[in-house]
1. Compute the separation of the alpha-carbon centres of the stretch 1-46 and the stretch 63-84 and state it in Å as a whole number.
2. What nm value, rounded to one decimal, do you get for the distance between residue 66 and residue 85 when each label is placed 7 Å out toward the C-beta?
3. Let me have the relative contact order for the chain, percent, based on Cα pairs under 8 Å that are six or more residues apart.
4. Once fully extended, how much extra length lies between residue 39 and residue 94, figured as 0.36 nm per residue of separation less the alpha-carbon to alpha-carbon distance?
5. Using every Cα-Cα pair within the stretch 4-93, state what percent have a distance larger than 24 Å.
6. Which of 80, 43 has the fewest other C-beta atoms within 10 Å, and how do the rest follow up to the most?
7. Using a 10 angstrom cutoff on alpha carbons, build the Gaussian network for the chain and name the most mobile of 71, 26, 79.
8. Between 56, 37, 47, which gets the highest mean-square fluctuation from a Gaussian network model of the chain, Cα cutoff 10 Å?
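Read-outs: derived from the displayed coordinates by stated rules, not from any lab. Remember, it's a predicted structure, so these values are computed and weren't measured experimentally. Here the Cβ positions follow ideal geometry from the backbone for every residue, glycine too, while neighbour counts run over all protein chains shown.
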C-alpha cells in the first residue's frame, strides 16, 4: 500500500502531473546524463514548474493534510482508519 504522501502525488491534478513528469525526467537523467533531449525536456518542465508554482506542491499537499488532521505523511494508507482514508481522499481531490 502507498504512503499518505504517495497517494496525494497520484492525483490527476495538473500540478501533480507536472511534478510527476519532472521527477520522471530527473530519474531518466540519472540513467542517461548525456541525453540532450532529456536536458531540453527538463528545462521546459523547470520553466513550467516556475510558472505554476509547482515547487510548492509538496508543501501545499502537507498543509492540506495537516488541516484535515493527517500529520503522519509516511503512514501506509492501508493502516489508516476509515475516516482517515476519507480525509486522504479529500486531500487528494483538493
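1. Between the Cα centres of the stretch 1-46 and the stretch 63-84 lies a distance of 24 Å.
2. Between residue 66 and residue 85, the simple spin-label model gives 2.7 nm.
3. That works out to 47 percent.
4. Fully extending the segment from residue 39 to residue 94 adds 16.7 nm.
5. Looking at the stretch 4-93, the distances longer than 24 Å represent 31 percent of pairs.
6. The fewest-first ordering by Cβ neighbours comes to 43, 80.
7. Taking springs between Cα atoms under 10 Å, the residue moving most is 79.
8. For the chain, modelled as a Gaussian network with Cα springs under 10 Å, the answer is 37.
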